[in-house]
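Worksheet for the structure shown next.
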Amino acid sequence: MPLAVVLILLVVGSLLFHVLSPWTFTELASNWGMVDVTIDITLVVTGIVFVAVNLFMAFCVIKFRHKKGARANYEPENKKLETWLTVLTAIGVAAMLTPGLFVWAKFVDVPEEAHVVEAVGQQWHWTYRMPGEDGKLGEVDAERISNENPFGMDPDDPNGQDDVLVYNAEIHIPVDRPVKFLLRSKDVLHDFAVAQFRVKMDLVPGMNTFLWLTPTREGRFEILCEELCGVGHHTMRGAVIVDSQEDYDAWLASQSTYSALNSRPPGNAAIGAGQYGVCAACHGQQGEGNVAMNAPKLAGQSAWYLKRQIMNYKNGLRGTHQGDTFGQQMIGMVAALSDEQSVDNVVAHIRTFPDNPPATSIEGDVGAGADEYRVCAYCHGKDGMGVQALNAPRLAGMSDWYLERQLANFRDDVRGSHPQDFYGFQMGLMGQSLFDEQVMKDLVAYINTL
Ligand code: CUA
């Protein structure tokens, strides 16, 4: 009898949970309402079976419970019952599968007018490429992929010259226009998924996959990688921004083509030397850093990272948090660098500085720190010299007090909490286990030995 009660409570509880639960689908933002209908049909079919089977079990438990002297009938075959069960099961399974076939037929039939966006996945971030005015994407080849050519573009392919390259986890698309996402992975399996769009697709190394949709409302929608792709899988986020046509056009106009990126002159260290004057007051004449001024060592840090951080300060992605007292000071300073070219120049100048190891100031348990560092090594490298492809800066031989402070900043969301600072956000997620004061000290003490 208690078992029967449990079964009935299970049924009632499940039904109540389904009706009252606050966890429902996120609001649809694409043309794929059909997917919701398919899921609803599946829920209804499996729900009816679930209720029927469990209530039947409860009924049997009560009706056929042990009674003194009662004996069970032996009935190994019941053709009529078996036929009924087979027919009902077949109808139920068909009802669940058939709508999916209709959805799939539509899913593989991409509207001709769909504009193309290529989303490239790699451990653990997203970049994008769109054809330029010629409407054609240039040839790419995995063998050509390098730090200087992250998309593996063919420099001689005329179709690729006007391709728009988006080195950012955020992509914009216009509302109410079909878009085809071409999907390509550089390393392992990933999966491009936006909950509000309802469609998702795996990225398979060595293969091009795709999905299409028509966004139906404007907004910012998070991309989640939904294929376990390594230690940083949970940090592989991005965003699709659905814009009005006007906003989209403005955004598109601000993006750079492959040929424009290629033809930009490299940073000029001599010009940068003049602009560095304002930095020197805190960071030192040779970028050696000055703890009294809260200015970390710059000498020896990678150019791409220096540039990204300066741009982050310029664009409000860093130094805007109220708790980031020292970051806020940078905002006024970087304003002196008027454009991207002057940032390149000043970075080129910093790269000419001698890379002398700074004085260390943090003490801790180096052995324990080595253990903690293993997770950092996935991105920052075993030697702590940073890995550009993983957006991980150099840690070894840099200011140790600064590393400790930044860890604390990531922990307290003082850094990496801006919605567009995807790499900072990533660090905030990856660093969760490191955010104990002693662990931070041990870790930094270990990095000092690298
Ligand atoms: Cu990429 Cu999970």
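What follows is calculated from the coordinates using simple rules that are stated; it is not laboratory data. Bear in mind that the values here come from a model prediction, so they are computed numbers and not experimental data. Using ideal geometry, Cβ is built from the backbone for each residue, glycine included, and neighbour counts are taken over all protein chains shown.
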Original post:
Could you work out Rg/(2.2 N^0.38 Å) for segment 60-156, with Rg from alpha carbons only?
Top reply: 2.40
**OP:** Return the FRET efficiency for the residue pair L97, D36: r is the Cβ-Cβ distance, R0 is 22 Å, and the value is rounded to the nearest 0.05.
**Re:** 0.85
Subject >> In Hz, Karplus ³J(HN,Hα) per residue of segment 20-36 (6.51, -1.76, 1.60; θ = phi - 60°; x = Gly, Pro) >> reply: 9, 4, x, 8, 10, 4, 5, 4, 4, 9, 9, 7, 8, x, 4, 5, 5
**OP:** Kindly identify segment 5-73 as rounded, prolate or oblate by the Cα gyration tensor criterion: order the square roots of the eigenvalues as a ≥ b ≥ c, call it rounded if a/c is under 1.5, otherwise compare a/b with b/c, prolate if a/b is larger, else oblate.
**Re:** oblate
**OP:** Rounded to whole Hz and in sequence order, give me ³J(HN,Hα) for segment 264-279 from the Karplus expression 6.51 cos²θ - 1.76 cosθ + 1.60, θ = phi - 60°, writing x for Gly and Pro.
**Re:** 5, x, x, x, 9, 5, 5, 5, x, 4, x, 6, 6, x, 5, 6
Original post:
In what sequence do T38, T89, T216 fall when counting other Cβ within 10 Å, fewest first?
Top reply: T89, T216, T38
**OP:** With viscosity set to 1.306 mPa s and temperature to 10 °C, compute the Stokes-Einstein D of segment 115-263, Rh being the Kirkwood radius across alpha carbon pairs; µm²/s, no decimals.
**Re:** 102
Original post:
What is the fewest-to-most order of E372, E77 by other Cβ atoms lying within 10 Å of their Cβ?
Top reply: E77, E372
**OP:** Determine the shape class of segment 178-237: with a ≥ b ≥ c the square roots of the Cα gyration tensor eigenvalues, call it rounded for a/c under 1.5, and otherwise prolate if a/b is greater than b/c, oblate otherwise.
**Re:** oblate
Original post:
Of all DSSP beta bridges located in the chain, what percent are antiparallel, nearest 5?
Top reply: 70
Subject >> Neighbourhood charge, 9 Å Cβ-Cβ cut-off, centred on M153 and excluding it, Lys, Arg +1 and Asp, Glu -1 >> reply: -3
Original post:
If each of D339 and Y74 carries a label point 7 Å out from its Cα toward its Cβ, how far apart are those two points in nm?
Top reply: 9.5
Original post:
Given a cut-off of under 8 Å on Cα pairs at least six residues apart, what relative contact order in percent is computed for the chain?
Top reply: 12
Subject >> Simple spin-label estimate for E437 and E133 in nanometres, 7 Å along Cα-Cβ >> reply: 6.2
Original post:
Where does each of W124, W84 land when they are ranked from fewest to most other beta-carbon atoms within 10 angstrom?
Top reply: W84, W124
Original post:
Ratio of segment 359-450's C-alpha Rg to 2.2 N^0.38 Å, to two decimals?
Top reply: 0.99
**OP:** Give, as ranges by residue number, the residues of segment 35-52 whose backbone N falls under 15 Å from the point 7 Å along Cα→Cβ of W84.
**Re:** 52
**OP:** Express in nm, to one decimal, how much length is gained between E222 and V366 on full extension, taking 0.36 nm for each residue of separation and deducting their alpha carbon distance.
**Re:** 48.0 nm
Original post:
Any idea what diffusion coefficient segment 265-356 gets from Stokes-Einstein, in µm²/s, Kirkwood Rh on alpha carbon pairs, 20 °C, 1.002 mPa s?
Top reply: 164
**OP:** Provide the gained length on full extension for the span S263 to T26, in nm with one decimal, where the gain is 0.36 nm per separating residue minus the Cα-Cα distance.
**Re:** 80.9 nm
Subject >> Magnitude of the charge dipole, segment 265-356, Cβ model with Lys/Arg +1 and Asp/Glu -1, debye to 20 >> reply: 100
**OP:** Order these peptides, 61-70, 281-290, 402-411, 25-34, by their mean beta-carbon neighbour count within 10 angstrom, highest first.
**Re:** 402-411, 281-290, 25-34, 61-70
**OP:** Give me D for the chain in µm² s⁻¹, whole number, from Stokes-Einstein with Rh from the Kirkwood sum over alpha-carbon pairs, 10 °C and 1.306 mPa s.
**Re:** 61
Original post:
Comparing C379, C60, C225, which has the greatest mean-square fluctuation in the GNM of the chain with Cα pairs linked when under 10 Å apart?
Top reply: C60
Subject >> Proximal charge balance of P358 [Cβ under 12 Å; K/R count +1, D/E count -1] >> reply: -2
